[in-house]
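Note sheet for the following structure.
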Amino acid sequence: MGLRATVKEGLLVAFDSLRANKVRSGLTILGVTIGVMVVLVMAAMVQGLNGSFKDIIASAGPTTFYVFHAPVGGGGLSTGLEEEENEFMRNPPLKIEWSRELARLEPIRQVAPGVDVSDWGYHARRGDTDVRISLYGVDAEYMDMDGGDLVDGRFFTATEESRRRAVAVIDSATAVDLFGGLDPLGKRFNIGRPGQRETPFEAVGVYRPPDNLFAGLKTHYVFAPFASVMKYVRVWDRMVYFVVKPHDGVELEVALEAVRTRMRQLRGLSPGEDDNFYLITQDQVMDWWNKFTGVFFAVMVALSGVGLLVGGVGVIGIMMISVTERTREIGLRKSLGARRRDLLWQFLVEAATLTLLGGAIGMALGGIIVWVIGALTPVPASVPLWSIAVALLASIFTGIGFGLYPAARGAGLDPVDALRYE
């Protein structure tokens, strides 16, 4: 038979087997269905997460970088139980006046000190109403790289920042919780931590976070001038970092080298000493994120591989039964001139059809799940085209790989013995 006829016959036999043994065939393709579905859903979620993270990076600018006194996420806070102090505790903190020194460098357009204490338990209170907030100390040009919007009022000015005015921009959630239906602009509320002295701040604007997943992970944003936060809220100086923006047209490496050289001078480091500060670029942040999502995706692929393995074992079982049930048919066909490769190909097509059907069902279910995730959650999940191709190929090769042994066994039967089989 030609290739077309062989494939057609294999498909017909496979669907006949499905109809004749619905439960057995259903259990066989179930593992493949689950494996393909998991791959599709995870690929969609990872792509959506990566897209949101890239939007955040793009909003800050491709050449913007950061100066930290210790590795970001590399050492964490000291608990006092470590045998040695980590770099977070060992390295001296950044001094605020150094930001002005770095801003004087020729390649640098702007250097803004900042502090992020969004996870340090700060609260906003007005009367008897108390809400936990995500507090940020930033500069007056923060909105230029944030990606969010002001829906009412204004952002604080450079003059208010330099004079350490106790003003703040709050998000809509904070405005509703603290002020109810009242206009929050011009009204005061207190910022502090439980059990510590609170400081009254005036709300001058209402903020809406950018449309991305990570902005939705936190609520109750409060932005205040960096100098005001350091003066009134008394934030730990080890939380201070610098945001550095080079001039347009300046290569990132040139700006990095200029800042590194000046920072070593400010730190008083000799030529042989290692840096006790860290410059973090957008590319490094993106690399860290890709490694994180890569590990996450690898784990999910491993889990989906278990499903494909279960489906593959089922293929071996159902194909061995199919070969046994059709032993006399195999003998008859071989006595009429069917070649070994014709029978081998027919059985492989049958096995691949079973797993491909499971893959198609898995893709349909995965597509529905991705749609539900995109509609009901902030995750911008979308099915990438490459995941569809991978899912189809994985299901086909699962059938071929695990169906090879029973197919070879059936194709290798002796026609005389096969015709005698009862």
Exercise. How big is the gap, in Å, between the Cα center of the stretch 169-202 and the Cα center of the stretch 271-333?
Worked result: 49 Å
For this session: For every other residue with a beta carbon closer than 11 angstrom to the beta carbon of Asn276, add +1 if it is Lys or Arg and -1 if Asp or Glu, then tell me the sum.
Result: -1
Seminar exercise, completed: Fewest-first ordering of Met230, Met300 by Cβ atoms within 10 Å yields Met300, Met230
Seminar exercise, completed: Site Leu252, offset 7 angstrom along Cα→Cβ, radius 16 Å on amide nitrogen, limited to the stretch 281-301, gives 281-291
Problem set entry | Mean Cβ neighbour count within 10 Å, used as a protection proxy, ranking 30-36, 179-185, 389-395, 314-320 highest first | 30-36, 314-320, 389-395, 179-185
Exercise. Restricting the count to DSSP beta bridges whose residues both fall in the stretch 64-281, what percent are antiparallel, rounded to a multiple of 5?
Worked result: 75 percent
Exercise. For Leu178, what charge total do you get from the other residues with a beta carbon under 15 Å from its beta carbon, if Lys and Arg give +1 and Asp and Glu give -1?
Worked result: -3
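Each reported figure results from applying straightforward, stated rules to the coordinates on display, with no laboratory input. Given the structure is predicted, the values throughout are model-derived calculations rather than measurements. FYI the Cβ positions are ideal-geometry reconstructions off the backbone, even for glycines, and counts take in every protein chain you see.
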